[in-house]
Each structure stands twice: as C-alpha cells, then as structure tokens.
Amino acid sequence: MITGFFIGESAFVRARIRFPQMSGVAIEEDLLIDTGSHVTVIQYRVVEALDATLRIREHRMEESRGFGGRTTVAVVPIELEFGTGGGVFRFGARVAVEPNPLGDLPSALGMDFISSFRLTVSRNENIVELRPTF
C-alpha cells in the first residue's frame, strides 16, 4: 500500500523519480493525486534537476488539454518508486512533461496510474491510500 498526505485540502503522494536511461540518478517529488487527469505529469523542473533536458526533445510530442487550456507535452518513460511500510513499490510509467520551463502544470498522478489501485481519500480521517489491485 502506498500512503499519502494532505497539503491543505489536496491529496499527495511522495515518489522518487528517475529516467531509466540514467541509472542511479533520482529526485523526490510530491505528486498531486488528480483523478481528473488522464495522464501522469511531471514538472519541467524535475527534468532539469535530473539533467535530462536534451533527452526530452528526443521523445514524442502530444497535445494535452485540461482545465488550464491546451499545451504541448513530451511523453517520456520514467520509473516511479514509492516507499511503503513493508518495502518499496517500483513502477515503469510513461508521463507527460511540459517542455516549457515556465509552464505551470503541477506534478500529478493521473488515472493512467491510479486506475491500477483502489484509492481511498478521506480528509476527515486524514487518510490517503493507494492499494494495488494487481
């Protein structure tokens, strides 16, 4: 089980993010749990922190639409690692990265990831849990 936390009224989980082609280099990131997003998104600053900016240009570009309007994103493979009380969950994922360094898309877990879990969010009970269904 992956447990999360609240910042204000929003639910988050903490993950370590790495690019598969860059073994050993990782960054911790708080990811908003966004059931309204079809895709998982990481902020451009995460890419910069991993010094992977040149690799972004090598990946497929797609248009993404949401409440904030339309933007063009790069779709890249990453590895997500979540600490649990009993060990570590590691997952390969394809995520969207807004290639604009000034972009304001938050890092967020979308339904492409969340749909493999049973999600429990209760602000009253201070519970954020993702339980695998696989």
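Each value in this text was obtained by applying a stated rule to the coordinates, not by laboratory testing. No experiment lies behind these values; they were computed from the predicted model shown. Cβ: placed from backbone, ideal geometry, glycine included. Neighbour counts: every protein chain shown.
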Starting from the Cα-Cα distance between D104 and S122, subtract it from 0.36 nm times their residue separation and give me the gain in nm to one decimal.
3.8 nm
If I model a spin label as a point 7 Å beyond the Cα along the Cα-Cβ vector, how far apart are those points for E9 and F91 in nm?
2.6 nm
How high is the FRET efficiency from T72 to E48, r the C-beta distance, R0 22 Å, rounded to 0.05?
0.80
Using packing as a proxy for protection, rank 6-14, 41-49 so that the peptide with the highest average count of other Cβ atoms within 10 Å comes first.
41-49, 6-14
Net charge of Cβ neighbours under 15 Å - reference G92; Lys, Arg +1; Asp, Glu -1:
+1
